[in-house]
1. Could you check Arg61 against (1) more than 18 Å from His87 (Cα to Cα); (2) in contact (Cβ under 8 Å) with a residue 60 or more places away in the chain and say which number it fails?
2. Take the residues of the range 67-79 that are more than 10 Å from the ligand (Cβ to nearest atom) and surrounded by 14 or more Cβ atoms within 10 Å (Cβ to Cβ): which is farthest from the chain's Cα centre (by Cα)?
3. How many residues does the range 89-103 hold that are in a strand (DSSP E or B) and crowded, with 17+ Cβ neighbours inside 10 Å?
4. Please enumerate the residues belonging to the range 16-32 that are closer than 27 Å to His120 by Cβ and not hydroxyl-bearing (Ser, Thr, Tyr).
Amino acid sequence: MGLLLNLRQLKTDPVHLDGELSPQELEIESVDELIRVPLPLKYHLDAQLFDDSILVEGYLRVGLSCECVRCLKKFDQTLSLESWACHIPLEGEDRAAVVNDAVDLTPYVREDILLLFPQHPLCEPGCSGLPNGLPGGLSGTPAPGQTRESPSAWAELNKLKLD
Ligand SMILES: [Zn+2]
């Protein structure tokens, strides 16, 4: 089903679209195993027709449920595009597929939302990973006098190991 923009309607007036797209419709559920999309994406869009293209502008928002790549803690992140704009050609090689006088905007929304997905989800920028799950070699004897390994040192170490 998706997010359909009726071109016949658009020929007479700008079209306003409000609604939701489910994660299933967007096909963004299983793009990354550390990122879940529990709720639909919300959109408020305005579309205008030009000679050989459509301009769609508006607002997109979707909440993600992520798992930290270092410490596996779950956290939520909201992606919002306050002034999304998409130019969709109706002529030429990249022209949109028109089915029953309608263009499905779903692939365009999907593409731009996916670009915002975190590549390496982190619960916080300096997450130092699991307390007991540090990569090998340095564990073993946490003696009381061992003060050299401050939290920031651990963070630095993890950066080196994981990046
Ligand atoms: Zn973390």
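1. (2)
2. Going through the range 67-79, the residues more than 10 Å from the ligand (Cβ to nearest atom) turn out to be 76-79.
Of the ones still in play, those that are also surrounded by 14 or more Cβ atoms within 10 Å (Cβ to Cβ) are 77, 79.
Numbers: Gln77: 9, Leu79: 6 Å.
Per the criteria, the residue is Gln77.
3. As a first pass, look at the range 89-103 and keep what is in a strand (DSSP E or B): 89, 98-99, 102-103.
Going one step further and asking which of them are crowded, with 17+ Cβ neighbours inside 10 Å, we end up with 102-103.
Here the count works out to 2.
4. First pass over the range 16-32, keeping only residues closer than 27 Å to His120 by Cβ: 21-32.
Within the range 16-32, Leu21, Pro23, Gln24, Glu25, Leu26, Glu27, Ile28, Glu29, Val31, Asp32 qualify.
Bear in mind these aren't lab numbers, they're just calculated from the coordinates by the rules spelled out. Just so it is clear, the structure is predicted and the values come from calculations on it, not from any experiment. For neighbour counting, all protein chains shown are included, and Cβ atoms are generated from backbone atoms with ideal geometry for every residue, glycine included.
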